[in-house]
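A short worksheet on the structure shown next.
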Amino acid sequence: MNINSIMEKIILIMDCIAIIILIFGVILATYYFTKTSLKTKNLNLLSQNNKTLRNQLASYILLSFEILIASDIIQSIVKPDLKDILVLGALVIIRTLISYFLDKEVQNSK
């Protein structure tokens, strides 16, 4: 087993972890949203709870993005092809912008 095959497995594991974190966050947010919506009759309290849920979901999304970016960086080091590096650059820019705006939204809603 060479280093490239080991790194590819690590990259795959990191990608799977990121997906699991994202799915876990969505499931938790959906569960608590449903639970709160069915229990709460007060619209102001419901709105506050939804804002909290959005912040929690955004934190899961941000964590997932950070793991995916780390995975992409490792992949570009393992396979330094110009096409892969350009794709990585584009993905990092897009994910960084999304992360920045999600983080800004979380900070503004606190």
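Just a few scattered comments:
- Test for Ile67: is it under 20 Å from the mean Cα position of the chain (by Cα), within 28 Å of Gln107 (Cβ to Cβ) and exposed (fewer than 15 other Cβ atoms within 10 Å of the Cβ): no
- Identity of the residue in segment 26-43, touching a residue at least 12 places away in the same chain (Cβ under 8 Å) and β-branched (Val, Ile, Thr), that ends up surrounded by the most Cβ atoms within 10 Å (Cβ to Cβ): Thr36
- Pairs, first free of Cβ contacts under 8 Å to residues at least 40 places away in the same chain in segment 8-25, second of a type in the set (A, V, I, L, M) and surrounded by 12 or more Cβ atoms within 10 Å (Cβ to Cβ), C-beta under 6 Å, six or more apart: Gly25/Leu57
- Residue in segment 79-92 that is part of a helix (DSSP H, G or I), closer than 17 Å to Asp15 by Cα and of a type outside the set (A, V, I, L, M, F, W, C) present: yes
- Selection status of Leu46, on the phi < 0 side of the Ramachandran plot and surrounded by 13 or more Cβ atoms within 10 Å (Cβ to Cβ): yes
All of the numbers you see were taken from the coordinates with simple rules; none came from a lab. Keep in mind that what you see is a predicted model, and the values were worked out from it rather than measured. When we count neighbours, we look across all protein chains shown, and the Cβ atoms used for this are built from the backbone with ideal geometry, even at glycine.
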